[in-house]
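Step one of this worksheet: look at the structure below.
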Amino acid sequence: MSTVSDNPNVKSIKHMAFAVRDAQAALSSYAKYLHVPADTKIIDYPKSRNRVALFNLGGIEYQLCQSMDADGRFASWIKQRNAEGLHHICYEVDNIEQALDHAKSQGAELRICKACGVYGSHPHPEGHVAFLDNDAGGIEIEFMQVYTPEELKKYEEFQGI
Ligand SMILES: [Zn+2]
């Protein structure tokens, strides 16, 4: 593996999120062709109004995301393109502020988190996340600085989980 050209701040792909019309139907294709467990749970997220099938494949977390509303984040994306597809890749970074500073120094701008109404780094269940308003090859870029066990505990206490 090359170490010279890699972004030193990106540790791995945290997840890939696909915009799908029907999470159950999309999951059944992954179950048929790629041996993903057919009984993978489909989770409803009331805050973001998304229905998501989440599983690991090839060492990467996949999220098949269906909007629960016709004008939702993933539904409107599908409508615009008239196609399902890879909506965004979430990169796990060592330091989200550094990742954003670097991207901004290259002319990037921030995109609002539609679930939270926030621009830039802000807390999500697994870590601090931020979205760029600049796609790469048509794919939205998300950064996540995953919580340390201590940070996760604090977040969950704060949320009353
Ligand atoms: Zn958010």
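The values are calculated or read from the model by the stated rules, or taken from the named source; none is laboratory data. Because the structure is a prediction, the values reported are computed rather than measured. A quick note on method: Cβ atoms are made from the backbone with ideal geometry, for glycine too, and the neighbour counts reach across all protein chains shown.
Of everything listed in (1) surrounded by fewer than 16 Cβ atoms within 10 Å (Cβ to Cβ); (2) not assigned by TED's automatic domain parsing to the domain that holds residue 143, the single unmet condition for residue 65 is (1). Can we say residue 130 is of a type in the set (Gly, Ala, Ser) and at pLDDT 95 or above? So residue 130 passes the test.
Starting from the range 109-135, keep only residues that are in contact (Cβ under 8 Å) with a residue 40 or more places away in the chain, then list their pairs with residues that are surrounded by fewer than 13 Cβ atoms within 10 Å (Cβ to Cβ) whose Cβ atoms are within a distance under 6 Å, requiring at least 6 positions of separation or different chains. So the pair list comes out as 115/47.
For the range 93-118, filtered to residues that are of a type in the set (Val, Ile, Thr) and surrounded by 14 or more Cβ atoms within 10 Å (Cβ to Cβ), the residue that is farthest from the ligand (Cβ to nearest atom) is 93.
Exactly one residue out of 25, 19 is closer than 18 Å to residue 83 by Cα and in contact (Cβ under 8 Å) with a residue 40 or more places away in the chain: that is 19. Against the list (1) in contact with a Cys (Cβ under 6 Å, 6 or more places away or on another chain); (2) assigned to a helix (DSSP H, G or I), the condition residue 144 fails is (2). For the range 34-48, the criterion of being farther than 19 Å from residue 140 by Cα, outside any loop (DSSP other than H, G, I, E, B) and either within 16 Å of the ligand (Cβ to nearest atom) or among the acidic types (Asp, Glu) (or both) is met by at least one residue.
Filtering the range 103-125 to residues that are among the basic types (Lys, Arg) and assigned to a strand (DSSP E or B) leaves only 111. When you scan the range 142-159, do you find a residue that is at pLDDT 95 or above, within 22 Å of residue 20 (Cα to Cα) and touching an Asp or Glu at 6+ places or on another chain (Cβ under 7 Å), even just one? No: zero hits. Among the residues of the range 80-88, is any assigned to a loop (DSSP other than H, G, I, E, B) and either modelled with pLDDT under 95 or within 19 Å of residue 42 (Cα to Cα) (or both)? Within the range 80-88, one or more residues are assigned to a loop (DSSP other than H, G, I, E, B) and either modelled with pLDDT under 95 or within 19 Å of residue 42 (Cα to Cα) (or both).
Please find, within the range 119-150, the residue that is farthest from the ligand (Cβ to nearest atom) out of those that are among the small types (Gly, Ala, Ser) and over 12 Å from the mean Cα position of the chain (by Cα). Before you say what the answer is, go through the steps one by one.
Of the range 119-150, the ones among the small types (Gly, Ala, Ser) are 120-121, 127, 130, 136-138.
Retained after the next criterion (residues that are over 12 Å from the mean Cα position of the chain (by Cα)): 120-121, 136-138.
Values: 120: 10, 121: 10, 136: 20, 137: 23, 138: 22 Å.
My answer is 137.
Filter the range 60-79 down to the residues that are away from the ligand (no atom under 16 Å from the Cβ) and aromatic (Phe, Trp, Tyr), then identify the one that is farthest from residue 44 (Cα to Cα). Among those residues, the one meeting the criterion is 77. Can we say residue 160 is more than 18 Å from residue 14 (Cβ to Cβ) and assigned by TED's automatic domain parsing to the domain that holds residue 21? Spelling it out, it is not the case that residue 160 is more than 18 Å from residue 14 (Cβ to Cβ) and assigned by TED's automatic domain parsing to the domain that holds residue 21.
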